[in-house]
1. If we scan the range A:272-295, do we find a residue that is assigned to a loop (DSSP other than H, G, I, E, B), among the acidic types (Asp, Glu) and within 20 Å of the chain's Cα centre (by Cα)?
2. Just a yes or no: is a residue in the range B:93-114 loosely packed, with under 15 Cβ neighbours inside 10 Å, at pLDDT below 90, part of a helix (DSSP H, G or I) and more than 14 Å from chain A (Cβ to nearest Cβ)?
3. Please work out which one of (1) more than 21 Å from B:Ser53 (Cβ to Cβ); (2) of a type outside the set (D, E, K, R); (3) within 8 Å of another protein chain (Cβ to nearest Cβ) is the condition B:Gly204 fails and give its number.
4. Condition check: surrounded by fewer than 22 Cβ atoms within 10 Å (Cβ to Cβ), outside any loop (DSSP other than H, G, I, E, B) and in contact (Cβ under 8 Å) with a residue 60 or more places away in the chain. Does A:Thr266 satisfy that?
5. Could you check, for the range B:47-67, whether at least one of its residues is in contact (Cβ under 8 Å) with a residue 24 or more places away in the chain, buried (at least 21 other Cβ atoms within 10 Å of the Cβ), charged (D, E, K, R) and touching a helix residue (DSSP H, G or I) at 6+ places or on another chain (Cβ under 7 Å)?
6. Would you pick out the residues in the range A:1-42 that are of a type in the set (Val, Ile, Thr), out of contact with any Pro (no Cβ under 7 Å at 6 or more places or on another chain) and surrounded by 13 or more Cβ atoms within 10 Å (Cβ to Cβ)?
7. Is it true that some residue in the range B:130-137 is at the interface with chain A (Cβ under 8 Å from one of its Cβ atoms) and of a type in the set (A, V, I, L, M)?
8. Exactly one of (1) within 15 Å of B:Pro240 (Cα to Cα); (2) surrounded by fewer than 19 Cβ atoms within 10 Å (Cβ to Cβ); (3) within 28 Å of the chain's Cα centre (by Cα) is unmet by B:Ala150. Its number?
Amino acid sequence: MELEKALYHYFQFTSFRQGQKEVVESILRGQNTLAMLPTGTGKSLCYQLPGYLLEGKVLIVSPLLSLMQDQVEQMKSMGEKRVIAINSFLSPAEKRKALSNLSSYKFIFVSPEMLGVDIILNKLREMTIALFVVDEAHCISQWGYDFRPDYLKIGEVREKLGAPLTIALTATATKEVREDIVKYLQFRSWEEFVFSVDRPEISIGIEILGHKEKQQKTLELVQKIKGPGIIYFSSKKLAESMAAKLRDQGERVMAYHGGLDTESRTLIQQQFIHNQLDIVCATSAFGMGINKDNVRFILHYHMPLQLEAYLQEIGRAGRDGKESIAILFYSPGDEQLSLQLTEGELPEKEQIHHLFMLIQQQNLKLENIHLESERFIPACGFSETQWRVVESFLASMQNENVQEVRDQLLNYVTKRIRLKQQKVYRVLDYIQHSGCKREYILDYFDDQGSSAKKNCCSSCGLALEDFYGSKAEEMEPNLRYNWKKDLASMLIKQVGDLHEKRPIS
Amino acid sequence: MTISFKEAVFLYCMKQIQNERSIYSLYHLFQGKKSSQTIQDAHLFRLDPFFQSYPQITREEMDHIIGVLHVNGYLHSISSEYYYLTEKGEKIVQSQNLISLPPKYLQGWKYHQITSVFWERLSLLVQVYSNLIYQNKGFIPIHNKPENLAWIKNYIKMQTGKRFELANDLYTELINCFQQDENIDPAVLTLRLTGHNKIGLTEGQAAEQLQMDSFHYHLEFLNILHYMIYISTNQYSKFPLLSGIIGNKPQTVPLTLSTEKTLRLLEKGFNTNEIARIRKLKESTIEDHIVEIALQVNDFDLRKYVSFEMEQRILTVTRETSAKKLSQIREKVPEANYFEIRLVLARNGGRPWN
């Protein structure tokens, strides 16, 4: 009962979601904990609540800058001011300021590359770390779909910090990956909580169809099916053009991808959350850190690159626990695009050779390469993703011999490509699997708990009509826009609204 | 065959530079490159309102626009980078009802340093006030640059009134500001604002809602921002909240860093030749700097570099022949060197010739 009180006190929730309580209790018992909780079940509460109950700092290692930023902002919007993110977004002046005030923060987010910086590490060593959090812990394993070599250092850093109480969190990790997490974090004793990745409220449909039908089918489906929904694409261009076609059809829809400016990205995300948009045509850049409960459908226009990502993406549906559907469209040959994309994520041989030639010519130290990203990215023509791979690999190396490191990197890239290609073929296998789709996924994650249900998947039987519905909200008649009224509704408190929200005392 | 708004704007700019500059000078202008050449050209051809008004432009897009104008017979090419307007092109630019350029309040050069700061802070301010009066704490700031968030915290702390009144005051200021020119359409701005109950539109969505060409909307949005900056800073006692957004951000345009250094040396009494040696730069580069200074610093004395009689002769020639090409002027005033001609044009370029 005590814990529920604390839950209400800090989060105003009256009950825990599945898994949260067990995990929190394990930490409060002082046990290192590995928790695998499906997407959308409130992972962050698992460290925030014990964080509040423990004396000392909570240090959170998080791999993605955007995700980190989202989490910090969410905590701030909940009223937590003692939270800060230390990453390469900060200017040197901001970094200095943050470091000198570090002790005034309770929750400190840090990117793995920042943990390699001595000043930061030393600063952290002066403090009491009550809880060490490794978010997206699957990044530590090279079997993971999102391996980050610099995550390998976390174990060492953890030792340097005096092996504080640790929680490793992930949404999707196979058995191999979980074993790696424990190994690299150097846990001597730990508790493991693996909750089923099954989301019974999400029905799974796979449809195999010809290339030419795809577009038409999408337009038809979106008209019938109940929103809000997200349509995932592998290409920005297609996301844009489909959004335009759907708009012509009268849908409230926008495209979202990494090519947009920051302002548009924030606005589109927020419009979707606030139900001003019903559909987002997105690339995989969309969805991380988005808390929207009522997403009713996820449509994959292209096949995802791995089952792990697929699971994350479909997991954005039905967070309110209500019936939702995930549909994947596959046309024979789609895997070729996936294979190409996989290769594009990794640096090419020529680029690596060019980079190391520059390094040798200019006699640069390998450990300083990350400081020069602005110069090397254009010089070698790296994409951001490619550069991240290089940067992360170099950060994980201790070898000073430039030639050896180059060969190791080349070798590493070849291996990664092979692994990623295997993952693409695994998705293909899943698509073509004639048995239960849900069981296939559960099997992949060595997960036992599955329950036959109505509308389980397209193999078991799926009545698409069950997901049809009228539009989420009938569009308001397009009234003439009145700027004065709009401005007044934002800045002048309307009398009628007074009783709606009272200050929480 | 109709011409898009963007093409019309570029056609207008092509007319301004006549065939004296390459098309890439426009690329630099719209992108907002801070080189002496671009800054001087902007003033010389009176295109300074457009400075940095479209920073997203790429060389490819530039080529494409010019290509379209050329293929459709609005431009005649002299070489791959130099064009002049055909009769058809001239007609477009002169037809009053098609476009009135530049937009009335657009001041790209004057305000380029504060434009986006002004917008980001204003929209944050509206969002924060709106959520404050509705006691809504859980919202995601629409702009999240740490320096802006820190600014807004400070700004609100400094206000003495009650929060209801503050939001009210901001509302009143905005209304008063918009009402000073009835040709301004405030919807261009308000559609983009985020409040407690609605998220603002993106640039593309707002253009669509107003049924405007997207580039036209883009310029109109800058136009209204510059209008607001202009009105509120010139009547700051009437608009304390709006002018407070700009605060003491530099409004006057500084010299490029390199020119600044040259100016400091000039003030110490070094001459062009000496400065070139000290700074290990070509003398012609130092001359470029001096032209930039002549353009920016009103009380900079030209007499050291060009005599009064020479200045008058150059001005007379430019007035009589409306020549702006340096070589044309030099033909008529052979005693003057190019440096002298450029200085005179820089000093007088921004003002009416006659």
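1. yes
2. yes
3. (1)
4. Values: surrounded by fewer than 22 Cβ atoms within 10 Å (Cβ to Cβ): yes; outside any loop (DSSP other than H, G, I, E, B): yes; in contact (Cβ under 8 Å) with a residue 60 or more places away in the chain: no.
In short, no.
5. For the range B:47-67, residues in contact (Cβ under 8 Å) with a residue 24 or more places away in the chain, buried (at least 21 other Cβ atoms within 10 Å of the Cβ), charged (D, E, K, R) and touching a helix residue (DSSP H, G or I) at 6+ places or on another chain (Cβ under 7 Å): present.
6. Initially, the range A:1-42 is screened for residues of a type in the set (Val, Ile, Thr), giving A:14, A:23-24, A:27, A:33, A:39, A:41.
Narrowing further to those that are out of contact with any Pro (no Cβ under 7 Å at 6 or more places or on another chain): A:14, A:23, A:33, A:39, A:41.
Passing the criteria: A:Val23, A:Thr33, A:Thr39, A:Thr41.
7. First, the residues of the range B:130-137 that are at the interface with chain A (Cβ under 8 Å from one of its Cβ atoms): B:130, B:133-137.
When the remaining residues are screened for being of a type in the set (A, V, I, L, M), the result is B:133.
The answer is yes, given that some residue of the range B:130-137 is at the interface with chain A (Cβ under 8 Å from one of its Cβ atoms) and of a type in the set (A, V, I, L, M).
8. Condition not satisfied by B:Ala150: (1).
The values are calculated or read from the model by the stated rules, or taken from the named source; none is laboratory data. All figures in this text were calculated on a predicted structure; none of them were measured in a lab. Here Cβ is always computed from backbone atoms with ideal geometry, including for glycine, and neighbour counts include all displayed protein chains.
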